[in-house]
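Notes follow once the structure below has been shown.
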Amino acid sequence: EAGVTQSPTHLIKTRGQQATLRCSPISGHTSVYWYQQALGLGLQFLLWYDEGEERNRGNFPPRFSGRQFPNYSSELNVNALELEDSALYLCASSLGGGGSNTEAFFGQGTRLTVV
Amino acid sequence: KNEVEQSPQNLTAQEGEFITINCSYSVGISALHWLQQHPGGGIVSLFMLSSGKKKHGRLIATINIQEKHSSLHITASHPRDSAVYICAVNRGNVKLIFGTGTRLQVFP
């Protein structure tokens, strides 16, 4: 069974551009989570989607947005890129509802570099 | 002060050694996760605990809810265990609060 897949694995953008990152969850999972791991910092929660709706977001500016499609895959969009947006972006999926005892499975990440 | 603290930050070991990584948290939690992050960034979920002890192969995870403490043990360590190990907690919702990780290097 395929795990959580993310694309692209690497992405290089210039400051001010927009970046789109994609995530396909494990089959049967309806919840998708996005996390940012900036250099030297720990993982930070970005967004949670479940059943096509944004359920929760972390402490990030509105230029970080996303959506979840009917097939439960998800996109993370980062507008007006800034140098400090350079980070590893991780996606995780879990069974729906996102209850606190629901185990999440992680993808390999997309490394975004803003120059 | 971080809500989730891990120790040590860095750990080196010789192949075959028994390894312990500790995680302490200061908030009430509903579950605790141990994650393994390989070079390049990919993360694997090792354990999810809400009480007691779990074992998978050479890995053992324990949690003491009263003491707000968890440990991850690796028996008979191997160079392929070299990775960053991350502790994360749920606070009754889906947001995970992550520790800063423990970088483990196991030498042959």
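The values are calculated or read from the model by the stated rules, or taken from the named source; none is laboratory data. A quick note: this is a predicted structure, and the numbers were derived from the prediction, not measured. As a convention, Cβ positions derive from the backbone with ideal geometry for all residues, glycine included, and neighbour counts pool all protein chains shown.
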**OP:** May I ask you to list the residues in the range B:69-108 that are over 12 Å from the mean Cα position of the chain (by Cα) and either under 27 Å from A:Arg57 (Cβ atoms) or of a type in the set (Asp, Glu) (or both)?
**Re:** B:Asp81, B:Asn90, B:Arg91, B:Gly92, B:Asn93, B:Val94, B:Lys95, B:Leu96, B:Ile97
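Within the range A:73-83, identify whether any single residue is in contact with a Pro (Cβ under 8 Å, 6 or more places away or on another chain) and assigned to a strand (DSSP E or B), and answer yes or no. Don't jump to the end; show me each part of the working.
From the range A:73-83, those in contact with a Pro (Cβ under 8 Å, 6 or more places away or on another chain) are A:73-74; that's our starting set.
So of that shortlist, the ones also assigned to a strand (DSSP E or B) come out as A:74.
Within the range A:73-83, one or more residues are in contact with a Pro (Cβ under 8 Å, 6 or more places away or on another chain) and assigned to a strand (DSSP E or B).
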Original post:
Would you say B:Gln66 is modelled with pLDDT of 90 or more, in a loop (DSSP other than H, G, I, E, B) and more than 13 Å from chain A (Cβ to nearest Cβ)?
Top reply: yes
Original post:
Looking at this structure, is B:Ile29 within 14 Å of chain A (Cβ to nearest Cβ), within 30 Å of A:Pro8 (Cβ to Cβ) and among the β-branched types (Val, Ile, Thr)?
Top reply: no
**OP:** Output the number of the condition that A:Thr30 fails; it satisfies all remaining conditions of (1) of a type in the set (S, T, N, Q); (2) buried (at least 22 other Cβ atoms within 10 Å of the Cβ); (3) within 20 Å of B:His33 (Cβ to Cβ).
**Re:** (2)
Subject >> Among (1) within 9 Å of chain B (Cβ to nearest Cβ); (2) in contact with a helix residue (DSSP H, G or I) (Cβ under 6 Å, 6 or more places away or on another chain), the one test that A:Val114 misses >> reply: (1)
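From the residues in the range B:29-47 that are out of contact with any Phe, Trp or Tyr (no Cβ under 8 Å at 6 or more places or on another chain) and at pLDDT 85 or above, which one is nearest to B:Ser71 (Cα to Cα)? Quick ask: steps written out before the conclusion?
Filtering the range B:29-47 down to residues out of contact with any Phe, Trp or Tyr (no Cβ under 8 Å at 6 or more places or on another chain) leaves B:29-31, B:38-41.
Among the residues that remain, those that are also at pLDDT 85 or above are: B:29, B:31.
Numbers: B:Ile29: 15, B:Ala31: 14 Å.
It comes out as B:Ala31.
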**OP:** Starting from the range B:85-105, take each residue that is assigned to a strand (DSSP E or B) and surrounded by 19 or more Cβ atoms within 10 Å (Cβ to Cβ) and list its partners that are at pLDDT below 90 and acidic (Asp, Glu), counting only C-beta distances under 8 angstrom and pairs at least six apart or across chains.
**Re:** B:Val89/B:Glu3; B:Ile97/B:Glu3
Original post:
Only one of (1) touching an Asp or Glu at 6+ places or on another chain (Cβ under 9 Å); (2) free of Cβ contacts under 8 Å to residues at least 40 places away in the same chain; (3) not in a strand (DSSP E or B) is not met by B:Ser45, so which one is it?
Top reply: (3)
Original post:
Of (1) within 11 Å of chain A (Cβ to nearest Cβ); (2) farther than 18 Å from A:Ala104 by Cβ; (3) outside any strand (DSSP E or B), B:Gln6 satisfies all except one. Which?
Top reply: (3)
**OP:** Select from the range B:36-67 the residues that are among the β-branched types (Val, Ile, Thr) and crowded, with 19+ Cβ neighbours inside 10 Å and list them in ascending order.
**Re:** B:Ile43, B:Ile63
**OP:** Name the one entry in A:Leu43, A:Leu112, A:Leu90 that is within 23 Å of B:Gly101 (Cα to Cα), at pLDDT 95 or above and buried (at least 17 other Cβ atoms within 10 Å of the Cβ).
**Re:** A:Leu112
Original post:
Taking the range A:25-50 as the region of interest, how many residues are away from chain B (no Cβ under 13 Å) and free of Cβ contacts under 8 Å to residues at least 60 places away in the same chain?
Top reply: 1
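Only one of A:Thr9, A:Thr14 is surrounded by fewer than 19 Cβ atoms within 10 Å (Cβ to Cβ), closer than 30 Å to B:Glu5 by Cα and touching a strand residue (DSSP E or B) at 6+ places or on another chain (Cβ under 8 Å); which? Outline the logic, then answer.
Values: A:Thr14 fails: closer than 30 Å to B:Glu5 by Cα.
Among A:Thr9, A:Thr14, only A:Thr9 is surrounded by fewer than 19 Cβ atoms within 10 Å (Cβ to Cβ), closer than 30 Å to B:Glu5 by Cα and touching a strand residue (DSSP E or B) at 6+ places or on another chain (Cβ under 8 Å).
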